[in-house]
Amino acid sequence: MAGNLVEIKDLHKRFGEQVVLNGVSIDVAEGQNLVVFGKSGTGKSVLLKCMVGLLVPDQGDITIAGEKVLTLSLKELNELRKHLGFLFQSAALYDSMSVRENLSFPLIRNFNFTQGEIDKKVERALDRVGLLFAIDKMPSELSGGMRKRVGLARSIITEPKLMLYDEPTTGLDPITTKEISKLIRDLQAELKMTSVAVTHDLICAQIISDYAIVLHEGNIRYRGDLTQLTLSDDPFLKNFFSSEVFEDSYGS
Amino acid sequence: MQKKSSLEINKAKLLNFFSQIGGMTEFNILFLKNVFKPPYEIGEISKHMYELGVKTFPIVSITGIIIGLVLTLQSQPIMAKFGAEFYLPYTVTLSVVRELGPVITALIFAGRVSSGIGAELGSMRVTEQIDAMEVSAINPFRYLVVTRIIATSIILPILTIYVDALAIIGGWFGSYLTSNTTWDLYYSQVIEVLKFGDIIPGVGKTIVFGYIVGLVGSYMGYFADKGTEGVGKASTNSVVVASLLIIIFDMILVKITLLLWPVT
Ligand SMILES: Nc1ncnc2c1ncn2[C@@H]1O[C@H](COP(=O)(O)OP(=O)(O)O)[C@@H](O)[C@H]1O
Ligand SMILES: [Mg+2]
């Protein structure tokens, strides 16, 4: 399919004096899996939050699935949000709800499914992430990796066209990192999703992406095929992929 | 419109007390805009009411008895000195129903509930649960805040009536200890003095106090700063601000009450 599912043009965002995004432009073609690299605090989360309307940029344009996000009314924005999935860095599971309730919450609220259909969808989503046995557990009873999986199951349960991942593997050990990354890759293929993942984890990026950009000081410094970027002779990239990424991901 | 995202209003609003009042006023308007729109979340509201009731029931029960008892024990010698011991049930009942019952219950409620709501919503903010709701096209304000404010506004008056009743019983117990008053006599005196004009404003103002507790706790939690200190701060600030506002509004409401229902 031709066309871009996401088009971001000249995005600017500042908090008071602090300029976080300074003219970021990104296109994501339908079916593409984009990884956005950047050190901690470069504005990766801010970028994702602007895309879903959690933050309002100072300037620029964001188009998702043909809709201009910044000009939508809240109602229209919510309509669009129903077709988006967002995996938060902390998984953001609702503490007061069981795993089952966490997953059925968006279904009950936004769609007109019968209880039977909801149960089936919940079970299927949990089965996909290998956590069907945890269906009646509370979030506090789950490990970090399990929470991420439940968060993943919750965001894919509505079968979104576009998935956004905020550091899907940060804070996880290398083995879990690989497991989660492979799970993300497989789900994306299976559900034919387009995705944007922000991360500073090279392992995760290599598993889930075909295309990468590097965000630095509010701008996109590099874009291209991930392998090319990692093999580049450019001093900045060399430094970025050798030291920081690994230190940040696994703690030195 | 989504022009003012919830994440952004917050930082500046926490800068000083007056901007906090401004923020709370804005929050208040947002509540009024949302409260009459369906879905009404009856399930959530009942759940909160039940939890709030269970959480505060033991402490207000003890307090209720003790207010009446202590008030009687303190006043009895003074009243006796002036030969007015006979009026003890009247003064105790009126003090309790008009003022002490509502205010003390509200302050306890603020300490217990406002901090709880502040911490609960604060941790939901910090762990991005509120963002997650918003991204799932669910209005977190309506689901989390409106339901809590409604619950606190309903449950506090109920608790207050209960505390008033216990305090009157406590008052009798005090009278019994000091002057051997029988329940029947005490009760008949209470009934004689107690008018709707005392009960309605006393209980009525606790709707306002309950509203304050829910609003302040929700506001502090909803706009909590990132990080774990943010949650603690939200919780503490909730109690301080809610208690202060309760006392200020009590003064205002007493003034209004005395105009509308003069003591006869
Ligand atoms: N709601 C906000 N208010 C003020 N500053 C913020 C807010 N969100 C993010 N920032 C600031 O923007 C910068 C980028 O943050 P973020 O996007 O979270 O970084 P990261 O790339 O690690 O995800 C940080 O310096 C952060 O302090
Ligand atoms: Mg981040």
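Please say if region A:1-41 is rounded, prolate or oblate, where rounded means a/c under 1.5 for a ≥ b ≥ c the square roots of the C-alpha gyration tensor eigenvalues, and otherwise the choice is prolate for a/b larger than b/c and oblate otherwise? Since a/c reaches 1.5 but b/c is at least a/b, the shape of region A:1-41 is classed as oblate.
For chain B, what is the mean residue ellipticity at 222 nm derived from helices alone (per DSSP H run of n ≥ 4: -39500 (n - 2.57); sum divided by total residues; nearest 500 deg cm²/dmol)?
Details: 11 runs with 207 residues, N = 264.
Value at 222 nm, helices only: -26500 deg cm²/dmol.
Here r is the Cβ-Cβ distance between A:Phe111 and B:Phe36 and R0 is 22 Å; the resulting FRET efficiency, rounded to 0.05, is 0.35. Panel note: contact residues of region A:51-83 (accessible area lowered by at least 40 Å² against the chain on its own; 1.4 Å probe) correspond to A:Leu54, A:Val56, A:Leu74, A:Arg81. Spin-label model, A:Gln228 to A:Glu79: label points 7 Å out along the Cα-to-beta-carbon direction sit 3.9 nm apart. For a label point 7 Å from the Cα of A:Glu7 along Cα→C-beta, name the residues of region A:53-82 whose backbone N is under 14 Å from it. Residues A:61-70 qualify, since their backbone N sits under 14 Å from the label point.
Compute the separation of the alpha-carbon centres of region B:94-114 and region A:193-233 and state it in Å as a whole number. Computed from Cα coordinates, the inter-centre distance equals 59 Å. Between A:Lys178 and B:Tyr90, the modelled label-to-label distance comes to 8.7 nm, taking each label 7 Å out from Cα in the direction of the beta carbon.
Modelled this way, with points 7 Å down the Cα-to-C-beta line, the labels at B:Ile199 and A:Asp136 are 4.6 nm from one another.
Plainly put, chain A has a radius of gyration that is 0.96 times its Kirkwood radius, both from alpha-carbon atoms, as the Rg/Rh ratio.
What shape does region A:88-159 have by the C-alpha gyration tensor, where a ≥ b ≥ c are the square roots of the eigenvalues, rounded means a/c under 1.5, and otherwise prolate means a/b greater than b/c and oblate the rest? It is prolate, given that a/c is not under 1.5 and a/b is the larger ratio.
Determine, for each peptide in A:183-190, B:238-245, the mean count of other beta carbons within 10 angstrom over its residues, then list the peptides with the highest first.
B:238-245, A:183-190
Computed with the Debye formula from one identical point scatterer per Cα of the protein assembly as shown, without solvent, the log10 of I(q)/I(0) at q = 0.13 Å⁻¹ comes to -1.20. Looking at B:Val254, B:Ser238, B:Val216, which one has the Cα that reaches farthest to the positive end of the dipole of region B:58-260 (charges on Cβ: Lys, Arg +1; Asp, Glu -1)? Of the options given, the answer is B:Val254. Applying a length cut-off of 24 Å (Cα extent along the axis) and a mean Kyte-Doolittle floor of 1.0 to the DSSP H helices of chain B leaves B:147-179, B:196-222, B:228-260. For a paramagnetic label modelled on B:Ala165 (point 7 Å from Cα along Cα→Cβ), amide N atoms under 19 Å away belong, within region B:187-215, to B:187-207.
I need the semi-axes of the equivalent ellipsoid of chain B: take the C-alpha gyration tensor, multiply each eigenvalue by 5, square-root it, list largest first in whole angstrom.
Numbers: eigenvalues 332, 55, 53 Å².
Equivalent ellipsoid of chain B: 41, 17, 16 Å, largest first.
Look at the dipole of the protein assembly as shown built from charges on Cβ: of B:Thr178, B:Phe109, A:Leu93, the Cα furthest out on the positive end belongs to B:Thr178. The residues of the protein assembly as shown have, on average, 45 Å² of accessible surface per residue, using a 1.4 Å probe with all protein chains present. Shape verdict for region A:126-192, please, from the Cα gyration tensor: rounded (a/c under 1.5), prolate (a/b greater than b/c) or oblate. Judged from the Cα gyration tensor, region A:126-192 comes out oblate (a/c at least 1.5, b/c at or above a/b).
Using 1/(1 + (r/R0)^6) with R0 = 41 angstrom and r between the beta carbons of B:Tyr176 and B:Tyr50, what's the FRET efficiency to the nearest 0.05? Efficiency, rounded to the nearest 0.05: 0.75. The mean sequence distance of close C-alpha pairs (under 8 Å, at least 6 residues apart), as a share of the length of region B:58-260, puts its relative contact order at 38 percent.
Could you compute the net charge surrounding B:Pro102? Neighbours are other residues with a C-beta less than 14 Å from the C-beta of B:Pro102; K and R count +1, D and E count -1.
In short, -2.
Treating only the Cβ of Lys, Arg, Asp and Glu as charged (+1, +1, -1, -1), what charge dipole size does chain A show about its Cα centre? Round to the nearest 20 debye. Present the calculation step by step, with values, prior to reporting the outcome.
On the way: 29 positive and 34 negative charges, 99 e Å.
Dipole size: approximately 480 debye.
The values are calculated or read from the model by the stated rules, or taken from the named source; none is laboratory data. Note that this is a predicted model, so its numbers are computed, not measured. Every residue, glycine as well, gets a Cβ built from its backbone with ideal geometry; the counts of neighbours run over all protein chains shown. Ligands, DNA and RNA are stripped out before the accessible areas are found, and what is left, the full protein with its side chains, is counted by its heavy atoms. Shrake-Rupley method; radii C 1.70, N 1.55, O 1.52, S 1.80 Å.
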